[in-house]
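Worksheet: the structure to be examined is printed underneath.
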Amino acid sequence: MGTEKEYLISFSSFYKAAYAKDVLEEHGLRSSLRKMPPQIAHSCSTGVYLRIDSIARVQQVLKDYEIFTKGYYEIQWDSPGKTYVRL
């Protein structure tokens, strides 16, 4: 397995984020609901946080269940703190 990275997935509502988390958990993908940072939260302030080696499986599961996201972000740590890179 590769190195784990941190991701945050944004949704249009808390309900969609909670549903996505449940579906991912059913597929063995551990995740948690987190408050979205102000830099990327435009409407819904709750997203799904994951620490995983590849986001591809997550994207496929959500696509299979027709769960639409507002965006995928990789969390990158640097000297001033963390940045969110949209995928």
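The values are calculated or read from the model by the stated rules, or taken from the named source; none is laboratory data. Keep in mind that what you see is a predicted model, and the values were worked out from it rather than measured. Cβ atoms come from the backbone with ideal geometry, glycine included; neighbour counts cover every protein chain shown. Only protein heavy atoms, including side chains, enter the accessible area calculation; ligands, DNA and RNA are left aside. Shrake-Rupley method; radii C 1.70, N 1.55, O 1.52, S 1.80 Å.
Provide a single number: the residues in the stretch 49-87 that are touching a residue at least 12 places away in the same chain (Cβ under 8 Å) and either closer than 20 Å to Gly28 by Cβ or hydroxyl-bearing (Ser, Thr, Tyr) (or both). So that I can check it myself, show each step before the final result.
Start the filter on the stretch 49-87 by keeping residues that are touching a residue at least 12 places away in the same chain (Cβ under 8 Å), which leaves 49-55, 57-59, 61-62, 65, 67-75, 84-87.
Now narrow it down to the ones that are either closer than 20 Å to Gly28 by Cβ or hydroxyl-bearing (Ser, Thr, Tyr) (or both): 49-55, 57-59, 61-62, 65, 67, 69, 72-73, 84.
Within the stretch 49-87, residues that are touching a residue at least 12 places away in the same chain (Cβ under 8 Å) and either closer than 20 Å to Gly28 by Cβ or hydroxyl-bearing (Ser, Thr, Tyr) (or both) number 18.
If you check Ile40 against the conditions, is it part of a loop (DSSP other than H, G, I, E, B) and touching a strand residue (DSSP E or B) at 6+ places or on another chain (Cβ under 6 Å)? In short, yes. Scanning the stretch 1-39 for residues that are open to solvent by 20 Å² or more (accessible area, probe 1.4 Å), closer than 11 Å to Lys70 by Cβ and at pLDDT below 95 yields Ser12, Ser13.
Just the residues that are surrounded by 15 or more Cβ atoms within 10 Å (Cβ to Cβ) and of a type outside the set (A, V, I, L, M), please, taken from the stretch 40-56. Listed by number, the residues that qualify are Cys44, Thr46, Gly47, Tyr49.
Could you look through the stretch 71-87, keep only residues that are in contact with a strand residue (DSSP E or B) (Cβ under 6 Å, 6 or more places away or on another chain) and either more than 25 Å from Ser13 (Cα to Cα) or polar (S, T, N, Q) (or both), and pick out the one that is most open to solvent (accessible area, probe 1.4 Å)? Before the answer, list the steps.
Pass one, the stretch 71-87, residues in contact with a strand residue (DSSP E or B) (Cβ under 6 Å, 6 or more places away or on another chain): 71-76, 82-87.
Filter once more, keeping what is either more than 25 Å from Ser13 (Cα to Cα) or polar (S, T, N, Q) (or both): 76, 83.
On the way: Gln76: 75, Thr83: 54 Å².
The residue in question is Gln76.
For the stretch 44-86, a tally of residues being part of a loop (DSSP other than H, G, I, E, B), at pLDDT 95 or above and either hydrophobic (A, V, I, L, M, F, W, C) or under 12 Å from the mean Cα position of the chain (by Cα) (or both) returns 4.
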